[in-house]
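See structure below.
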Amino acid sequence: MMMTDLILKYLSLNNQVKISGFGIFYQKDSPAFYDETTAALLPPGKELFFTVDFDLKDNEFARFFAGQKNMTIGESEAKILETANYWKSTLENNKELEIPELGNFYVNDTELVFKGKRLITHNPDNFGLEEVNLSQLKKSTFTEISSEPNDYKKSTNKVWWLLFILPAAVIIYYATQNPELIFGKKSFPQPNKIKSNPVSKKDSLKNKTVKMDSVSLKNTQNAQK
């Protein structure tokens, strides 16, 4: 296990770790923030900070180191001091130092500046919160927006079909079952009844008899003359 791995493991159990001959790494709660370099919105977590102290002497981390590496405390202290000297030498020569998984050091004039990395936390308050990549979010949002007109067109077509089919079905139903509700009552004019005076056959026959009698009487009178 690397030195940095042991430092992170120790920090997961404690808020700070003292490195003899170098300084103190400690962590603080960090709110969610936007990382411009990765275009990502990072959830709340822990961020590493550092206080320089090249004269620091402490054996707490050395004890932890010895237990993890199955070595004596003296051996672990020597290993820690060797690593601290290497870090100081690199800073003196290059004016900067990158410690994987911990952060970056650089010398600004005569001041040592440390930019610590954010640590993954298992705090229940932040459980389930994940990093959000805004660049991917913009692409997916654009895709959803670009597909909305087609979806809107399809839904509009369905609505128009429903508005057309339902009234048509109602009209057809009532036209076959009760046409008067659709077309109203029939208004064709009723033909006038023609009154006919019955001809009295009896009177006609009587008139004919009278007429014939008058004719016969007239002929008889002419014959007598």
Inset, instruction - Note down all Cβ pairs under 9 Å where the first residue falls in region 67-79 and is hydroxyl-bearing (Ser, Thr, Tyr), the second is in a loop (DSSP other than H, G, I, E, B), and they're at least six residues apart or on different chains. - result: Ser76/Asn59
Inset, instruction - Scan Lys46, Lys28, Lys57, Lys18 and give me the residue that is within 18 Å of Leu102 (Cβ to Cβ), of a type in the set (D, E, K, R), in the same structural domain as Lys117 (by TED's automatic domain parsing) and surrounded by fewer than 18 Cβ atoms within 10 Å (Cβ to Cβ). - result: Lys28
Inset, instruction - Residue by residue through region 1-46, note down the ones that are closer than 15 Å to Leu81 by Cα and in contact with a Ser or Thr (Cβ under 7 Å, 6 or more places away or on another chain). - result: Met3, Gly23, Ile24
Inset, instruction - Any chance you could count how many residues in region 46-69 are closer than 25 Å to Asp29 by Cα and aromatic (Phe, Trp, Tyr)? - result: 4
Inset, instruction - Run Glu98 past the list (1) assigned to a helix (DSSP H, G or I); (2) of a type outside the set (Gly, Ala, Ser); (3) closer than 16 Å to Met2 by Cβ and report the number of the one that doesn't hold. - result: (1)
Inset, instruction - Determine the pairs where a residue that is among the polar types (S, T, N, Q), located within region 27-55, has a partner that is loosely packed, with under 14 Cβ neighbours inside 10 Å and in a loop (DSSP other than H, G, I, E, B) with Cβ atoms under 7 Å apart, the partner being 6 or more residues away or on another chain. - result: Gln27/Asn15
Inset, instruction - Would you be able to tell me the number of residues in region 70-117 that are over 24 Å from Lys28 (Cα atoms) and acidic (Asp, Glu)? - result: 5
Inset, instruction - Take Thr72 and decide whether it is at pLDDT 70 or above and surrounded by 14 or more Cβ atoms within 10 Å (Cβ to Cβ). - result: no
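The values are calculated or read from the model by the stated rules, or taken from the named source; none is laboratory data. Keep in mind that what you see is a predicted model, and the values were worked out from it rather than measured. Note that each Cβ is placed from the backbone with ideal geometry, even for glycine, and that neighbours are counted across all protein chains shown.
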